[in-house]
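Have a look at the structure below, then the notes.
The values are calculated or read from the model by the stated rules, or taken from the named source; none is laboratory data. These numbers were taken from a predicted model, which means no experiment stands behind them. We place every Cβ from the backbone using ideal geometry, glycine too, and count neighbours over all the protein chains shown.
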């Protein structure tokens, strides 16, 4: 097994992306305010993540802020394999079919390897399972209590042992009673045991009996020459969970202009019907949560703050009235109980001076982006020429330094805008 985990540590690549430039440079020249006419801006370098692995068919990569949904009980015992045999100095124990050494689990089919964090990165805790032994192709099983007709979500972390053997793509399946998942796979190309990622993987099944045997097993004995005594490197699993209600896609943070609109949404797995209730914190961050209602919602000072629709649906539409942001979450309920989604923050972008009127050069209504730049000039010129008060009515007189519309587009707006644009934030 030790030879299975010996390899060199690789390097990740980095990417960059240019920003789009404004096209109205001729108009900028006509106004003679000294804006740069060309150039580029390169974004920060960052590691390329997950470019080499595959999670097939029912695998779902969780790209969310925060951890799992709260409130559901894992039906699997010892899902992270933390309770098991003591590991020797080489940090690995080969377990044969029939072994119950890993608490709650029975080894099936052939041999597996029970290993620790001293020879590989672990998804949860400090122990994990390689479904290929030293040698052997095996699996593990556990019997859980289920309700016939109820849909359950099987979630687990999937990775692969990158030690050299014949096959770089490691395949495995999940079985629940007589139901069997499609193949899940992980490509170990370019990875080592200390940088191979773990992929959050999901499969669902509908229970047929009150007791369901759940098995995770390596597929296709042709993947390696275990029968010839050659060390095998298999798919690795960790952090196994079985839930009857879960959030598959969480609400994500967003930002919008004051007076703008946006949505928060989530996707739920399990057996319906589901009920939904979106919540917010009317007294501000780190205070009590309260249910949102369709229509106007006021904060704890009775100030109308948000207009909401879809407060009891998977997708909530929200618009800002007061210019205040906040945190939002959703409580989902079915016959199994309730779960609470991750919190998602709504940020209201505050204008950076009178001239911050647009988030892009095509803006047709006032929508600040927190800085003064070419997009503001482009939008103001277009709005001024079109006599569009929604974007170009910024001042009541030429001496205004803050946004102070008077209901019409006129010379005072041009004078105030240019002064503010030159002054910057």
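Data overview
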{"quantity": "Flag if residue 420 is within 22 Å of residue 350 (Cβ to Cβ) and touching a residue at least 24 places away in the same chain (Cβ under 8 Å)", "calculated": "yes"}
{"quantity": "Elements of type strands (runs of 3 or more DSSP E) contained in the range 236-290, each with 3 or more residues being farther than 30 Å from residue 173 by Cα", "calculated": "254-257, 261-265, 275-280"}
{"quantity": "Criterion (farther than 25 Å from residue 266 by Cβ, touching a residue at least 12 places away in the same chain (Cβ under 8 Å) and not in a helix (DSSP H, G or I)) met by exactly one of 356, 378", "calculated": "356"}
{"quantity": "Residue tally, condition under 18 Å from residue 259 (Cα atoms) and in contact with a helix residue (DSSP H, G or I) (Cβ under 7 Å, 6 or more places away or on another chain), over the range 391-404", "calculated": "4"}
{"quantity": "Of the criteria (1) over 18 Å from residue 259 (Cβ atoms); (2) buried (at least 17 other Cβ atoms within 10 Å of the Cβ); (3) more than 36 Å from the chain's Cα centre (by Cα), which one residue 387 fails", "calculated": "(2)"}
{"quantity": "Positions within the range 292-306 being surrounded by 15 or more Cβ atoms within 10 Å (Cβ to Cβ) and in contact (Cβ under 8 Å) with a residue 24 or more places away in the chain, in sequence order", "calculated": "292, 299, 306"}
{"quantity": "Residue that is nearest to residue 232 (Cα to Cα), among those in the range 89-106 that are surrounded by fewer than 15 Cβ atoms within 10 Å (Cβ to Cβ) and at pLDDT 95 or above", "calculated": "96"}
{"quantity": "Meets criteria (within 30 Å of residue 272 (Cβ to Cβ) and either under 24 Å from the mean Cα position of the chain (by Cα) or not assigned by TED's automatic domain parsing to the domain that holds residue 214 (or both)) for residue 158", "calculated": "yes"}
{"quantity": "Matching residues in the range 342-356 - criterion: being under 29 Å from residue 285 (Cβ atoms), over 25 Å from the mean Cα position of the chain (by Cα) and at pLDDT 85 or above", "calculated": "353, 356"}
{"quantity": "Test: residue 314 is farther than 25 Å from residue 369 by Cα and surrounded by 15 or more Cβ atoms within 10 Å (Cβ to Cβ)", "calculated": "yes"}
{"quantity": "Top-ranked residue in the range 175-192 [being assigned to a loop (DSSP other than H, G, I, E, B) and touching a strand residue (DSSP E or B) at 6+ places or on another chain (Cβ under 9 Å); ranked as surrounded by the most Cβ atoms within 10 Å (Cβ to Cβ)]", "calculated": "188"}
{"quantity": "Condition check for residue 339: in the same structural domain as residue 201 (by TED's automatic domain parsing), in a strand (DSSP E or B), at pLDDT 90 or above and farther than 30 Å from residue 364 by Cα", "calculated": "no"}
{"quantity": "Flag for residue 214 being assigned to a strand (DSSP E or B) and at pLDDT below 95", "calculated": "no"}
{"quantity": "Top-ranked residue of the range 239-266 - restricted to ones that are surrounded by fewer than 20 Cβ atoms within 10 Å (Cβ to Cβ) and under 30 Å from residue 218 (Cβ atoms), ranked as farthest from the chain's Cα centre (by Cα)", "calculated": "248"}
{"quantity": "Residue 147 being part of a loop (DSSP other than H, G, I, E, B) and either under 30 Å from residue 335 (Cα atoms) or without any contact (Cβ under 8 Å) to a residue 24 or more places away in the chain (or both)", "calculated": "yes"}
{"quantity": "Flag for residue 319 being in a strand (DSSP E or B), assigned by TED's automatic domain parsing to the domain that holds residue 270, surrounded by fewer than 17 Cβ atoms within 10 Å (Cβ to Cβ) and more than 22 Å from the chain's Cα centre (by Cα)", "calculated": "yes"}
{"quantity": "Count - residues of the range 282-296 that are closer than 18 Å to residue 317 by Cα and at pLDDT 95 or above", "calculated": "7"}
